[in-house]
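For reference, the structure discussed in these notes is given below.
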Amino acid sequence: RATLTGHTYLVMDCAISPDGAFIVSASWDKTLKIWDAASGCELHTLMGHTGEVYACVFSPDGRWIVSASYDTTLRVWETASGRELHTLIYYKSYVNACAFTPDGLSIVSASSEKTLRVWDATSGRERCCIPLLSDITAVDLHRWKATVVCGDLGGNIYLLDLVGITYGPIIMTAQQNEQNLGIRCPACQKEHPINQVQLGKEMVCFTPGCSLRLKINPFTIEMK
């Protein structure tokens, strides 16, 4: 469909926004770029990192991007403007990977200083630091539980419960087809119809015994 050109060195990571409208790319040229997914046009170049950028990801509502870099920092950016909002400083070693929690309120990062860190996405404040056995190279999160999986250079995979960290409503994107608008609860996996009024609002899963708190994005994904 398109080849997006503009970076001057290796592209290490990329992601698509939850609404499918934007692509973000992370490069060893020390920049990130935001692209229009439909046309492939470059919208913003995000400059501020002083080292190679290893990883990037959108928040579940698509409003923010977090990036991880060799310069020992994470940076949080506003998707719409490309403006930098926060710099999260590790001090000791470079950052290999990052992810948003499914409520969009926290960021989890993996570092070569053998730690996993959790940050407040709004303020940039560090919430906790978890020491592990080797350089952490990858991280991902459970879709609705405060559980993290990460891997290290020693071949270890860790499954960690973030004790003391409570999620807010889990951010969901509704799917629109020719006849229905609906969501699928990540906990019970049941599909529920919703209406346009519920977009952008909080709700509780309708399945008896589930009661997972959800926040519906104001946009939808069209399913053909």
* Structure fact -> Taking the stretch 51-66 and keeping residues open to solvent by less than 10 Å² (accessible area, probe 1.4 Å), under 19 Å from residue 19 (Cα atoms) and small (Gly, Ala, Ser) leaves 59
* Scope the stretch 51-87; condition touching a Pro at 6+ places or on another chain (Cβ under 9 Å) and either charged (D, E, K, R) or within 19 Å of residue 117 (Cβ to Cβ) (or both); matching residues -> 59, 61
* To do: Could you list all residues from the stretch 142-171 that are under 17 Å from the mean Cα position of the chain (by Cα) and assigned to a strand (DSSP E or B)?
  => 147, 148, 149, 150, 170, 171
* Structure fact -> Per the filter on the stretch 67-84, residues closer than 16 Å to residue 123 by Cβ and surrounded by fewer than 17 Cβ atoms within 10 Å (Cβ to Cβ) are 78, 84
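When you check residue 145 against the structure, is it surrounded by fewer than 18 Cβ atoms within 10 Å (Cβ to Cβ), among the basic types (Lys, Arg) and closer than 18 Å to residue 54 by Cβ, yes or no? Give the derivation first.
Details: surrounded by fewer than 18 Cβ atoms within 10 Å (Cβ to Cβ): yes; among the basic types (Lys, Arg): yes; closer than 18 Å to residue 54 by Cβ: no.
Taking the combined requirement at face value, the residue does not satisfy it.
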* Hey, among 165, 170, which residue is open to solvent by less than 60 Å² (accessible area, probe 1.4 Å) and modelled with pLDDT under 95? -> 165
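Quick one: which of 116, 88, 133 is touching a Gly at 6+ places or on another chain (Cβ under 9 Å), part of a strand (DSSP E or B), more than 21 Å from residue 169 (Cα to Cα) and not hydroxyl-bearing (Ser, Thr, Tyr)? Walk me through it before giving the result.
Details: 116 fails: touching a Gly at 6+ places or on another chain (Cβ under 9 Å); 133 fails: part of a strand (DSSP E or B).
So the residue among 116, 88, 133 that is touching a Gly at 6+ places or on another chain (Cβ under 9 Å), part of a strand (DSSP E or B), more than 21 Å from residue 169 (Cα to Cα) and not hydroxyl-bearing (Ser, Thr, Tyr) is 88.
If you check residue 152 against the conditions, is it within 20 Å of residue 113 (Cα to Cα) and either among the β-branched types (Val, Ile, Thr) or open to solvent by 20 Å² or more (accessible area, probe 1.4 Å) (or both)? It would help to see each step written out before you state the result.
Values: within 20 Å of residue 113 (Cα to Cα): yes; either among the β-branched types (Val, Ile, Thr) or open to solvent by 20 Å² or more (accessible area, probe 1.4 Å) (or both): no.
So residue 152 does not fit the description; no.
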* Condition check for residue 118: at pLDDT below 95 and within 30 Å of residue 90 (Cβ to Cβ) -> no
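Inspect all residues belonging to the stretch 194-207 and state whether any of them is of a type in the set (Gly, Ala, Ser) and open to solvent by 30 Å² or more (accessible area, probe 1.4 Å).
Just the residues of the stretch 194-207 that are of a type in the set (Gly, Ala, Ser), to begin with: 200.
After this cut, where a residue has to be open to solvent by 30 Å² or more (accessible area, probe 1.4 Å) as well, the list is 200.
Yes, the stretch 194-207 contains at least one residue that is of a type in the set (Gly, Ala, Ser) and open to solvent by 30 Å² or more (accessible area, probe 1.4 Å).
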* Residue check, residue 159 surrounded by fewer than 12 Cβ atoms within 10 Å (Cβ to Cβ) and in contact with an Asp or Glu (Cβ under 9 Å, 6 or more places away or on another chain) -> no
* Set 126, 113: member being surrounded by fewer than 22 Cβ atoms within 10 Å (Cβ to Cβ), within 18 Å of residue 164 (Cβ to Cβ) and acidic (Asp, Glu) -> 126
* Report whether or not residue 97 is part of a strand (DSSP E or B) and crowded, with 19+ Cβ neighbours inside 10 Å. => yes
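The values are calculated or read from the model by the stated rules, or taken from the named source; none is laboratory data. Just so it is clear, the structure is predicted and the values come from calculations on it, not from any experiment. FYI the Cβ positions are ideal-geometry reconstructions off the backbone, even for glycines, and counts take in every protein chain you see. Ligands, DNA and RNA are excluded from the accessible area calculation, which covers all protein heavy atoms including side chains. Shrake-Rupley method; radii C 1.70, N 1.55, O 1.52, S 1.80 Å.
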